[in-house]
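Just below is one structure, and these are the notes that go with it.
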Amino acid sequence: MENVVKFEPKRASVGPMVTVSLDDVIRVLAGQTTVQDLEWERRHKERIDALMAFDVPTLREIWDNIGDDSYYDGPHGCHDIADVYRVMNMKGDGHYCAV
């Protein structure tokens, strides 16, 4: 019994699970989009929703502190300039961003 090799099965790596609608499955099967694109769209919606939770004065503060790399990175999170601009327009304050 000294020469017995212990068997330790390994779990298969399948990547992250993504929940999609039937319409999205059809779009993927039809070649109109990819699962990666659907995941990006979901994450982008989450970023927009996070910005929508801020009031206008906070969005103005974020806008005023966007760095030279077109990103805000501060106490209110990390946000892309395009997303901040889009949300400010959605809230009716896009004129604040005009040069």
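The values are calculated or read from the model by the stated rules, or taken from the named source; none is laboratory data. Here the structure is a predicted model, which means the values were calculated and not measured. Glycine also receives a Cβ, built like all others from the backbone with ideal geometry; neighbour counts cover every protein chain displayed. Heads up: the accessible areas ignore ligands, DNA and RNA and are worked out on the full protein's heavy atoms, side chains in. Shrake-Rupley method; radii C 1.70, N 1.55, O 1.52, S 1.80 Å.
Suppose the filter is open to solvent by less than 60 Å² (accessible area, probe 1.4 Å), free of Cβ contacts under 8 Å to residues at least 24 places away in the same chain and either of a type outside the set (A, V, I, L, M, F, W, C) or in contact with a Leu (Cβ under 8 Å, 6 or more places away or on another chain) (or both); does G77 pass it?
So G77 fails the test.
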Open to solvent by 60 Å² or more (accessible area, probe 1.4 Å), in contact (Cβ under 8 Å) with a residue 12 or more places away in the chain, in contact with a Cys (Cβ under 8 Å, 6 or more places away or on another chain) and among the aromatic types (F, W, Y): is that true of Y96 in this structure? no
Go through the range 1-69 and tell me which helices (runs of 4 or more DSSP H), entirely inside it, have 2 or more residues that are modelled with pLDDT under 90 and touching a Gly at 6+ places or on another chain (Cβ under 6 Å). none
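Results for (1) among the aliphatic types (A, V, I, L, M); (2) out of contact with any helix residue (DSSP H, G or I) (no Cβ under 8 Å at 6 or more places or on another chain); (3) surrounded by 10 or more Cβ atoms within 10 Å (Cβ to Cβ), shown as yes or no for each residue.
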{"position": "F7", "(1), (2), (3)": "no, yes, no"}
{"position": "A12", "(1), (2), (3)": "yes, yes, no"}
{"position": "S21", "(1), (2), (3)": "no, yes, no"}
{"position": "I26", "(1), (2), (3)": "yes, yes, yes"}
{"position": "T33", "(1), (2), (3)": "no, no, yes"}
{"position": "K45", "(1), (2), (3)": "no, yes, yes"}
{"position": "M52", "(1), (2), (3)": "yes, no, yes"}
Looking across the range 80-93 at residues that are touching a residue at least 12 places away in the same chain (Cβ under 8 Å) and assigned to a loop (DSSP other than H, G, I, E, B), the single one that is least open to solvent (accessible area, probe 1.4 Å) is D93
Condition first: out of contact with any Cys (no Cβ under 7 Å at 6 or more places or on another chain) and open to solvent by 40 Å² or more (accessible area, probe 1.4 Å). Now tell me which residues in the range 54-67 satisfy that. F54, D55, V56, P57, R60, E61, D64, N65
